[in-house]
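These notes are about the structure you will find just below.
The values are calculated or read from the model by the stated rules, or taken from the named source; none is laboratory data. Every value quoted in this text rests on a predicted model; they were computed, and no experiment measured them. Neighbour counts run over all protein chains shown; Cβ positions are idealised from the backbone, glycine included. With ligands, DNA and RNA removed, areas are computed over all heavy atoms of the protein, side chains included. Shrake-Rupley method; radii C 1.70, N 1.55, O 1.52, S 1.80 Å.
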Amino acid sequence: MNLLGFLTRRGSAPVARERLQILLAHERAAFGRSDLVTVLRKEILAVIAKHMAIDGEKVKVTMDRGGDVSTLEIDIELPTTPATPALATA
Amino acid sequence: MAKVLVVTSGKGGVGKTTTTAALGAALAQQGQSVCVVDFDVGLRNLDLVMGAERRVVYDLINVVQGDAKLPQALIRDKRLDGLSLLPASQTRDKDALTDAGVARVMDELRDKFDWVICDSPAGIERGATLAMRHADVAVVVCNPEVSSVRDSDRIIGLLDAKTARAEKGEAMEKHLILTRYEPGRAERGEMLRIDDVLEILSIPLLAVVPESEEVLKASNVGSPVTLNNPASAPARAYADAVRRLKGETVAMVIPTERRSLMSKLFQRRAA
Ligand SMILES: Nc1ncnc2c1ncn2[C@@H]1O[C@H](COP(=O)(O)OP(=O)(O)O)[C@@H](O)[C@H]1O
Ligand SMILES: [Mg+2]
């Protein structure tokens, strides 16, 4: 190795770090690295709660990421007697 | 009621089984009752690392399928009170593990112990998702190496999506154990540094376990490293990890390179 190469050498780890940051930004977008399901569930629950009283346990959100198709399954069990909506209709 | 912990990684050969045995033994050494469960069906190894390979009669699949009762399958450690092993099957396929059967066995384990530690198989398929399914806490084992970090990232995504807790909308507690870390190589820029990995994965650090010959020595004789040589660097890192899991505040010890006197002198003069 020449002198300049020796002085400027920082090893291969910084390259590894940069490659990982770029790759994982893509993969997280593709596979959804986040608590997306949790967030969705909370927001769906909030929307429904505006209109009827609902048990938090009765909202199920599942996401299945496949190669070609991904599905989002939302399963909401409604109370037998729809409670009065929290929002009055004008 | 036990806390259920899964030791997972995505990638194989990073140190999950070593970590499961070490954490299990360390918890027992600190007075807790623990069961380590081998979910690596078909490739069981936890029995070997724990030195119990000749005592396996029944396994997880037998219990899940109702062919044996849980107490018949549990192997109690001869050296450590409070430590038990539920081995995996060597011959059967993981498809013999039904979701409902695993749920029932996990409930039974929860009643019996303070801690249940599930050793996950490699991969992101059903074996790995079954192992994490009932966990309250996840320990993600990662080496400072690109493919391991990438797979850890995938596993973190699965922990937030495929576990019973995540499905109920509850937060999944996740911790990182960075293992096989070589401080000298990280300092020289040949290996990812601790803060690089932490920044990329952004989950809290539970321990940094150095690369150490003590791990091989311990597995050679079938003894968890925390039991085989409690004073060794990897054993101390695992023992501290366990204290943190129990809620104690323990200062993080980052492994440093053992430099020779000559190189220290040389560096001082150069500085
Ligand atoms: N801190 C360490 N230092 C040196 N070798 C280690 C360390 N941790 C694990 N190993 C070795 O790495 C190999 C894989 O470990 P293992 O725990 O079986 O990984 P996994 O269960 O993730 O496949 C084993 O040979 C083990 O002895
Ligand atoms: Mg293993």
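Would the stretch B:32-43 turn up any residue that is at positive phi, more than 14 Å from ligand 2 (Cβ to nearest atom) and modelled with pLDDT of 95 or more? Checked the stretch B:32-43: no residue is at positive phi, more than 14 Å from ligand 2 (Cβ to nearest atom) and modelled with pLDDT of 95 or more. Residue check: is B:Gly169 farther than 26 Å from B:Lys246 by Cα and within 14 Å of chain A (Cβ to nearest Cβ)? No. So how many residues does the stretch B:194-242 have that are part of a helix (DSSP H, G or I) and away from chain A (no Cβ under 14 Å)? Adding up the residues that qualify gives 22. The set of residues in the stretch B:215-234 that are within 13 Å of the chain's Cα centre (by Cα) and more than 9 Å from ligand 1 (Cβ to nearest atom) comprises B:Pro224, B:Thr226.
Okay, residues lined up against (1) more than 16 Å from B:Asp59 (Cα to Cα); (2) buried (at least 24 other Cβ atoms within 10 Å of the Cβ):
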{"residue": "B:Asp93", "(1), (2)": "no, no"}
{"residue": "B:Leu97", "(1), (2)": "no, no"}
{"residue": "B:Ala100", "(1), (2)": "yes, no"}
{"residue": "B:Ile117", "(1), (2)": "no, yes"}
{"residue": "B:Ser120", "(1), (2)": "no, yes"}
{"residue": "B:Met132", "(1), (2)": "yes, yes"}
{"residue": "B:Val137", "(1), (2)": "yes, no"}
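The residues listed here are B:Ile61, B:Ile117, B:Ile75; of these, the one that is touching a Lys or Arg at 6+ places or on another chain (Cβ under 6 Å) and under 26 Å from B:Ala161 (Cα atoms) is B:Ile61. Taken over the stretch B:16-39, residues that are more than 10 Å from ligand 1 (Cβ to nearest atom) and among the polar types (S, T, N, Q) amount to 4. Scanning the stretch B:119-154 for residues that are of a type in the set (A, V, I, L, M, F, W, C) and within 12 Å of ligand 1 (Cβ to nearest atom) gives B:Ala122, B:Ala128, B:Ala131, B:Val139, B:Val140, B:Val141, B:Cys142.
Taking (1) aliphatic (A, V, I, L, M); (2) within 15 Å of ligand 1 (Cβ to nearest atom); (3) at pLDDT 95 or above in turn, B:Ile254 satisfies each apart from (3). Considering only residues in the stretch B:40-57 that are within 11 Å of ligand 1 (Cβ to nearest atom) and among the hydrophobic types (A, V, I, L, M, F, W, C), the one that is farthest from the other protein chains (Cβ to nearest Cβ) turns out to be B:Leu48. The lone criterion from (1) away from ligand 1 (no atom under 16 Å from the Cβ); (2) within 14 Å of chain A (Cβ to nearest Cβ) left unmet by B:Gly10 is number (1). Condition first: modelled with pLDDT of 70 or more, within 19 Å of the chain's Cα centre (by Cα) and part of a loop (DSSP other than H, G, I, E, B). Can you find one or more residues in the stretch A:60-70 that meet it? Looking through the stretch A:60-70, at least one residue is modelled with pLDDT of 70 or more, within 19 Å of the chain's Cα centre (by Cα) and part of a loop (DSSP other than H, G, I, E, B).
What do you reckon, is B:Lys264 at pLDDT below 95 and open to solvent by 40 Å² or more (accessible area, probe 1.4 Å)?
yes
Of the set (1) within 11 Å of chain A (Cβ to nearest Cβ); (2) open to solvent by 30 Å² or more (accessible area, probe 1.4 Å), all apply to B:Met191 but (2).
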